[in-house]
Amino acid sequence: MSLEERELEVLIGPQHPASGHMRLVAKIDGDVVVELRPNIGYVHRSVEKLAEVKKYLQIIPLVERPSLADTTANNLTYVMAVEKLLGIEPPPRAQYLRTLLAEINRIHSHFYGMGIHGVMIGSSTAYMWCFGDREPLIELAQELTGARLTYSYIVPGGVRRDLPQGFEDKVEKVMRYLENRMPDYFDLYFNNPVTRARLEGVGVLSREDAIRLGVAGPNLRASGVPYDVRKVEPYAAYPELDFEVVTEEAGDAFARVMVRVREIQESIKIIRQVLKKIPDGPILNEKYMKMIPPNLRKQVEETGRIKFPGVFANLRVPAGEAIARVEGGRGEVIFHIVSDGKMSPYRMRMVTPSFRNVILFEHLTRGVRVADIPAIYGSLDYFPPEADR
Amino acid sequence: MKFEELKGLIEEKVRDLGAEVSGKEPNVIEVKVPREKVVEAAMRLRDMGFDHVKAVTAVDYPNERFEVVYVSSSYSNLDLAYFLVNLRTDLPYDDPRMPSLLEVWPSVLYQEHEEHDLMGIVFEGHPRMGERLLLPENYEGIPPLRKEFKVKTEGINA
Amino acid sequence: MVCALDGSMWVGNLEKAARKAAAWLVNKTPIRSLREWGIAFSLWPVHFTTACCGAEFGASAAPKFDTERFGFLPFIASRQCNVLFIEGTLSKKMAEAAIWVYEQMPDPKFVIAMGACGIDGGIFWNSYNVVRPKDILPVHVYIPGCPPRPEAVAQAIIMLQRKIREGELVTYEV
Ligand code: SF4
């Protein structure tokens with residue numbers, strides 16, 4: 001039989017065990033994938049269009065929604081782009097608080113990715129552990145910001161709340177817990193022969209291809225490219241902190257998971273430094289602090305919680321263009337905002353790491369066995385709402 | 001590498017293409033070329049080390065023009081990674097087509113497809129023109145990101 | 001037609017009569033409450049993530065909140081499940097899939113819509129690509145919130161169980 005006759009088209013999803021809202025259209029020959037095409041758009045909700053009819057502050061919750069497990073990255077990037085247009089700088093304490101939340105978020109986003117990966121390769125223990133260990137971090141973030149996942153913590157000019165009392169001790173407790181917990185993961189999961197057999201050497205992405213395809217985040221670093229926006233174009237408090245860019249050489253599914261694990265360890269280091277170095281001072285730019293009426297301002301100073309006056313909602317941003325990038329949990333987030341001086345952006349382009357990684361589904365699955373698709377899918381930490389926006 | 005230095009270098013490279021090079025401190029360099037020259041300009045940028053595209057943004061200025069912006073940067077050369085080079089080109093409003101840069105930068109595959117889907121720009125030479133990416137298969141009508149496509153709003157001026 | 005021993009003759013459809021008798025019996029109190037109790041504690045939602053609320057749904061199935069103690073365990077295939085959990089926004093493309101999945105599920109089946117998006121589009125109410133679940137499916141329980149906390153998911157499950165045990169949702173007819 002010719003190849004055309006033997007080929008079979010298989011539709012995987014959008015309702016599939018691997019918990020993802022996308023369809024994979026695979027052409028297979030026997031057990032081998034000849035070609036695989038992701039069919040995305042199942043969660044397309046037109047964030048870019050809606051941003052054009054919302055005010056600048058209303059967009060903050062909007063851009064968080066697409067990547068619910070990694071909201072700080074989007075929030076921070078968007079606000080940084082707006083700040084570039086406004087020409088304001090947040091005070092140092094706010095920079096540190098931003099970094100703190102970003103790192104807490106990075107850890108729990110990595111746990112999320114690893115947990116989902118666990119489900120996909122059939123290890124529910126990994127899922128249970130990762131999601132369980134994610135909770136203490138969510139609790140921390142909740143105490144800091146008031147919400148479990150959708151923080152909207154970062155606003156133009158600063159952050160919304162100051163550190164709560166006794167927060168440092170709680171963070172230290174959680175960090176110690178995580179450190180003690182990490183070896184267990186290696187015993188049970190990463191050094192498990194079954195896991196290794198399913199991940200090692202599967203879905204290998206070479207360094208050249210990773211660069212050529214414009215891959216982002218841990219998937220890029222797992223192929224040996226030491227690119228991390230926190231080092232390349234440092235933002236928030238990162239210039240003053242000491243950390244390393246985690247890379248792996250192998251470029252396979254296992255390396256991608258390992259990058260995440262080691263990044264968790266780096267994040268723990270960063271969080272400790274942040275809490276040690278955090279300076280005293282205001283958490284909102286002076287210019288905006290002055291806009292708060294005096295009686296409210298007193299309350300703000302007492303409670304450490306910013307209460308904005310109504311005029312803040314009508315924030316006008318000068319005309320111009322700005323591009324901001326941030327290294328989120330899943331990779332580099334880009335916001336490109338074109339403003340025409342009105343109350344809403346003229347055009348807001350939002351490029352998320354998952355969207356840049358979709359291309360890997362095509363590239364990595366050529367010639368693999370069907371059973372390897374979930375292992376590769378999971379290792380990319382791909383989050384469909386984030387890709388579809 | 002210094003900003004001015006790089007800007008001068010790029011200017012030298014693409015001057016004969018009729019490109020306007022400008023910059024925004026500290027790290028954004030704008031290169032504007034006519035659409036016939038965009039592939040050539042992209043190739044020269046790539047050869048300088050700008051090896052991938054981070055974002056493809058199409059902006060609609062109704063009844064005037066479309067502007068397509070390729071935000072490129074480097075992964076392989078970490079000195080250049082700090083800089084973003086925006087390759088821009090203008091397209092006439094009634095004929096929004098331009099050559100695809102897929103041959104130069106494979107990383108634009110999905111991004112160009114998305115701008116085609118949502119903004120209705122035709123990238124000639126892109127293998128997936130005419131297919132839907134994010135919108136439902138049976139979507140008809142004006143591409144939603146164009147300004148003439150209106151969504152409902154609340155209140156009087158929201 | 002059945003002839004009894006004493007010579008009398010009963011006319012009718014035996015099968016239909018038997019079904020009627022069974023329905024009568026099953027709808028009588030001890031069996032009925034037993035049956036509803038059974039249904040209420042074997043809710044199998046299908047793995048069908050529609051949008052970002054899925055992240056909180058995942059958290060509610062995980063150790064801290066553990067919805068499995070209500071007999072609620074996400075399962076792979078729609079043919080073996082009886083709860084369709086709409087986790088957030090339904091886009092137009094996804095709405096089609098939701099209907100297919102719903103139609104494949106065996107009766108009795110229930111629908112829970114999670115999140116503000118599941119009620120009325122939430123933050124995406126004016127998007128061109130969203131569908132309200134109530135327009136295409138019979139929704140039994142809504143969970144407000146954006147995203148709802150895992151506790152709210154648990155509460156929705158308890159509400160659904162209560163509804164089932166009150167006998168509103170499941171009917172057994174000939
Ligand atoms: S309700 Fe909120 S969290 Fe849930 S799907 Fe809608 S936007 Fe996402």
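The values are calculated or read from the model by the stated rules, or taken from the named source; none is laboratory data. Since this is a predicted model, take the numbers as computed values, not measurements. Here the Cβ is made from the backbone with ideal geometry for all residues, glycine too, and neighbour counts use every protein chain on show.
Values for this structure:
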quantity: Condition broken by A:F243, with the remaining ones in (1) at pLDDT 85 or above; (2) assigned to a helix (DSSP H, G or I); (3) aromatic (F, W, Y) satisfied; calculated: (2)
quantity: Number of the exception - C:N129 against (1) in contact with a Lys or Arg (Cβ under 6 Å, 6 or more places away or on another chain); (2) more than 30 Å from A:K54 (Cα to Cα); calculated: (2)
quantity: Pair list, Cβ < 9 Å and 6+ apart or interchain, from segment B:45-61 residues that are more than 11 Å from B:S72 (Cα to Cα) to residues that are charged (D, E, K, R) and in a helix (DSSP H, G or I); calculated: B:D47/B:K13; B:M48/B:K13; B:T57/B:E115; B:A58/B:E115
quantity: Residues being crowded, with 23+ Cβ neighbours inside 10 Å and touching a residue at least 40 places away in the same chain (Cβ under 8 Å) - total across segment A:127-136; calculated: 1
quantity: Selection within segment A:60-99 - surrounded by fewer than 24 Cβ atoms within 10 Å (Cβ to Cβ), within 16 Å of the ligand (Cβ to nearest atom) and aliphatic (A, V, I, L, M); calculated: A:I60, A:L62
quantity: Qualifying positions in segment C:40-50 - within 7 Å of another protein chain (Cβ to nearest Cβ) and in a strand (DSSP E or B); calculated: C:V46
quantity: Verdict on C:I136 being within 12 Å of the ligand (Cβ to nearest atom), more than 10 Å from chain A (Cβ to nearest Cβ) and over 25 Å from A:G113 (Cβ atoms); calculated: no
quantity: Any hit, segment A:192-212, residues being under 27 Å from B:P106 (Cβ atoms), out of contact with any His (no Cβ under 8 Å at 6 or more places or on another chain), surrounded by fewer than 20 Cβ atoms within 10 Å (Cβ to Cβ) and of a type in the set (G, A, S); calculated: yes
quantity: Check on A:R356, facing another protein chain (nearest Cβ under 10 Å), under 23 Å from B:E114 (Cα atoms) and surrounded by 24 or more Cβ atoms within 10 Å (Cβ to Cβ); calculated: yes
quantity: Residues of segment B:39-62 satisfying the condition of being more than 18 Å from B:L109 (Cβ to Cβ) and hydroxyl-bearing (S, T, Y); calculated: B:Y61
quantity: Residue count, segment C:91-125 (criterion: within 10 Å of the ligand (Cβ to nearest atom), at the interface with chain A (Cβ under 8 Å from one of its Cβ atoms) and in contact with a strand residue (DSSP E or B) (Cβ under 9 Å, 6 or more places away or on another chain)); calculated: 1
quantity: Failed criterion for A:Q299 (all others in (1) surrounded by fewer than 20 Cβ atoms within 10 Å (Cβ to Cβ); (2) touching a residue at least 12 places away in the same chain (Cβ under 8 Å) hold); calculated: (2)
quantity: All positions within segment C:8-56 that are touching a residue at least 60 places away in the same chain (Cβ under 8 Å), within 16 Å of the ligand (Cβ to nearest atom) and small (G, A, S); calculated: C:A51, C:A55
quantity: Residue ID - farthest from the chain's Cα centre (by Cα), chosen from residues in segment C:57-90 that are within 13 Å of the ligand (Cβ to nearest atom) and facing another protein chain (nearest Cβ under 7 Å); calculated: C:A59
quantity: Condition met for C:I86 (in contact (Cβ under 8 Å) with a residue 24 or more places away in the chain, touching a helix residue (DSSP H, G or I) at 6+ places or on another chain (Cβ under 8 Å) and under 21 Å from A:E64 (Cβ atoms)); calculated: yes
quantity: Segment B:66-82, subset more than 9 Å from every other protein chain (Cβ to nearest Cβ) and at pLDDT below 85, residue nearest to the chain's Cα centre (by Cα); calculated: B:L80
quantity: Subset of segment A:113-126 [buried (at least 24 other Cβ atoms within 10 Å of the Cβ) and not aliphatic (A, V, I, L, M)]; calculated: A:G113, A:G115, A:H117
quantity: Conditions (1) outside any strand (DSSP E or B); (2) of a type outside the set (S, T, Y); (3) under 17 Å from A:P156 (Cα atoms); number of the one not met by A:L296; calculated: (3)
quantity: Tally, over segment A:204-242, of residues that are among the basic types (K, R), within 9 Å of another protein chain (Cβ to nearest Cβ) and more than 23 Å from A:F254 (Cα to Cα); calculated: 1
quantity: Residue satisfying all of: in segment B:98-118; in contact with a strand residue (DSSP E or B) (Cβ under 7 Å, 6 or more places away or on another chain) and more than 10 Å from chain A (Cβ to nearest Cβ); farthest from B:F50 (Cα to Cα) among these; calculated: B:H116
quantity: Positions within segment B:119-140 being at the interface with chain A (Cβ under 8 Å from one of its Cβ atoms) and aliphatic (A, V, I, L, M), in sequence order; calculated: B:L133, B:L134, B:L135
quantity: Residue check for B:S72: surrounded by fewer than 17 Cβ atoms within 10 Å (Cβ to Cβ) and in a strand (DSSP E or B); calculated: no
quantity: Criterion: buried (at least 18 other Cβ atoms within 10 Å of the Cβ) and in contact (Cβ under 8 Å) with a residue 60 or more places away in the chain - qualifying residue of B:V31, B:V85; calculated: B:V85
quantity: Residues located in segment A:109-125, provided they are assigned to a helix (DSSP H, G or I) and in contact (Cβ under 8 Å) with a residue 40 or more places away in the chain; calculated: A:S109, A:H110, A:F111, A:Y112, A:G113, A:M114, A:I116, A:H117, A:G118, A:V119, A:M120, A:T125
quantity: Residues that are within 16 Å of the ligand (Cβ to nearest atom), of a type in the set (A, V, I, L, M, F, W, C) and either assigned to a helix (DSSP H, G or I) or closer than 20 Å to A:D29 by Cα (or both), drawn from segment A:347-389; calculated: A:A387
quantity: Residues (away from the ligand (no atom under 16 Å from the Cβ) and either buried (at least 20 other Cβ atoms within 10 Å of the Cβ) or assigned to a helix (DSSP H, G or I) (or both)) located in segment C:156-174; calculated: C:I157, C:I158, C:M159, C:L160, C:Q161, C:R162, C:K163, C:I164, C:R165
